[in-house]
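Novice: The following block contains the structure, expressed as structure tokens.
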Amino acid sequence: MQDSRLLLATSIGLCAVIGFWGVIDPASLQAIAKEIVDQYFFSRGWFVMLSVTLMLLFCLGLTVTKYGDIRLGADTDRPEYSTPTWIAMLFAAGMGVGLLFWAVAEPLTHFYFAKDFLPTPLAAEQALLAANFNWGIHAWAIYGTTALTIAYFSFRRGTPMLVSAPVKNLFPGESWATAVGWFSDFMAIAAIAIGVGGSVAMGVFQVADGVTVLFGGDVTPSWLVAAVFFLMIAAYIPPLLVDLGSGMARLSNIAMALAIALVAYTVILGPSEFLLNSIIGGIGNYVAEVLPRGLQTFTFYGDETSKWFQDWTLTYMVWWIAWGPFVGVFVARISKGRTIREFVLGVLIGPTLFSTIWFGAFGGVGLYESLDGQGELLAMTQTNVERMTFALLDRLPLATLTTLVTIAAAFLFIVTSVVSAAFVLGMFSTGGNPDPSAKVRVIWGGLLGVLGAAMILSGSMNAVKTLIALGALPFVFITVLLMTCLIRALLQDSQENRQ
């Protein structure tokens, strides 16, 4: 109990300090974060890429071994949710507002960079590959490893759903395991809070820009950003006062349905033949390059390419690691009764396939315009990435309707993410209490708002990405530790079953 209170006080204190520092002096926080992250990426970028690739190979390896038959729970347990609903919930938890934000902006940003070094067709192909890689199976391998470890120990060994549980379970009574476990929970809380705070900022930027577009404005005023921010807080505080129930799952599914409708609309009413070719070609190129790309560090390509790699791929990998504990607990909770093979294949393949379709459609429209000699969207990557999704929708029929749908989806994604994250943070910071008090949940909801405000005041999405990376850096090592714990537990339990 004393450890739980210390963890609660310390984690809230750290997040409050970072949040209020970012509100009072965002420039200095951003400068220090950038210096730390740049140095880490320069010296340990290889370790990040090696780690996430090993997680992917580990997850895939489980599907072809006897361990894939192990059920997450009792042998008689069966899944609570249908497979389509389960995959929709995975996607809503793991990606959400980020895909709406970067749908057009990321592929075109990569293209803007690559066209100075590569022939135009190859630059477009590599731009789409980069976006697919950053949001693809490696991200879900990070989520899958964390979630599978938490689910296995919780459902097979009866531990609480905490990052520290596997270490403490394997080494009971060891003082070093207690210390490492406490630090793991502490850093998980920091990674979740800062990561979700960044998503709050993304959601606010996108919703505010969408409203500006609806009313024909050119520049989003600061007062509108502030109004959307406070509206978002007002929307997620009331759910924190009640139990986390099926209503949150329904909201996530509504947001996911809106996202599916948007991508279908884009393919049908956009340059359909080009987009279908873009999607299929993107999937083929991704499948061919995904494993080699996972070990690519662009060592020999010069400073500009190295910086691009650090600013995008490395930043994304630690971004997914930052969300790993939060998404891991959520995915573990909804996956009881599935076999490890079902779990891995569903977590890795379903959301990754949707992401490649998403970027093939939205990124494809942007690339189509750029290759056709129209440079407006491409130029916008350097001035206003927040508005690029809306600028693309404005080029298609029913722009007002689709803009409203995008605003609604972004708003729902971020509200459900914050409510779920506040619940998980409350659970982590109270020693695994499956039902943290409303007071604790509201405190975390408020701190997530403060962190979101700090990210907004940083003034740019690059600064937001840097701050998220800062929060996740220590958790890179903890994720590898979790994978090691799962391997040890599987071998132990297999040996006991043979005796």
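The values are calculated or read from the model by the stated rules, or taken from the named source; none is laboratory data. Treat the numbers as computed from the prediction; the structure is a model and nothing was measured. Cβ sites come from the backbone with ideal geometry, for glycine too, and all protein chains shown count toward neighbours. To get the accessible areas, we keep the full protein, side chains included, count just its heavy atoms, and leave off ligands, DNA and RNA. Shrake-Rupley method; radii C 1.70, N 1.55, O 1.52, S 1.80 Å.
Novice: What whole-number value in Å² describes the accessible area per residue of the chain for a 1.4 Å probe?
Specialist: 38 Å²
Novice: Rounded to the nearest percent, how much of the accessible area of the stretch 337-405 (1.4 Å probe, protein heavy atoms only) is carbon and sulfur?
Specialist: 61 percent
Novice: Now, a different point. How big is the gap, in Å, between the Cα center of the stretch 110-180 and the Cα center of the stretch 367-414?
Specialist: 29 Å
Novice: Assuming R0 = 25 Å, what is the FRET efficiency of Thr63 and Ile283, from their Cβ-Cβ distance, to the nearest 0.05? Let's see the in-between values first.
Specialist: Details: r = 20 Å, r/R0 = 0.80.
Between Thr63 and Ile283 the formula returns 0.80.
Novice: Give me the count of lysine pairs in the chain whose alpha carbons sit under 25 angstrom apart, restricted to pairs 8 or more positions apart or on different chains.
Specialist: Taking the Cα cut-off of 25 Å, the pair count is 7.
Novice: In whole Hz, with x marking every Gly and Pro, tabulate ³J(HN,Hα) for the stretch 255-262 from phi via Karplus 6.51 cos²θ - 1.76 cosθ + 1.60, θ = phi - 60°.
Specialist: Those phi angles translate into 4, 5, 4, 4, 5, 4, 4, 5 Hz.
Novice: Something else about it: Residues with amide H under 5 Å of Thr339's amide H, sequence separation 5 or more or different chain, H placed in the peptide plane at 1.01 Å from N; which?
Specialist: Answer set, sorted by chain and number: Leu72.
Novice: Say each of Gln382 and Leu122 gets a label point 7 Å from the Cα, pointing the same way as Cα to Cβ; how far apart are those two points in nm?
Specialist: 2.3 nm
Novice: Moving to a separate point now. Sequence gap at least 6, Cα distance under 8 Å: using those rules, report the relative contact order of the chain to the nearest whole percent.
Specialist: Across the chain, relative contact order equals 38 percent.
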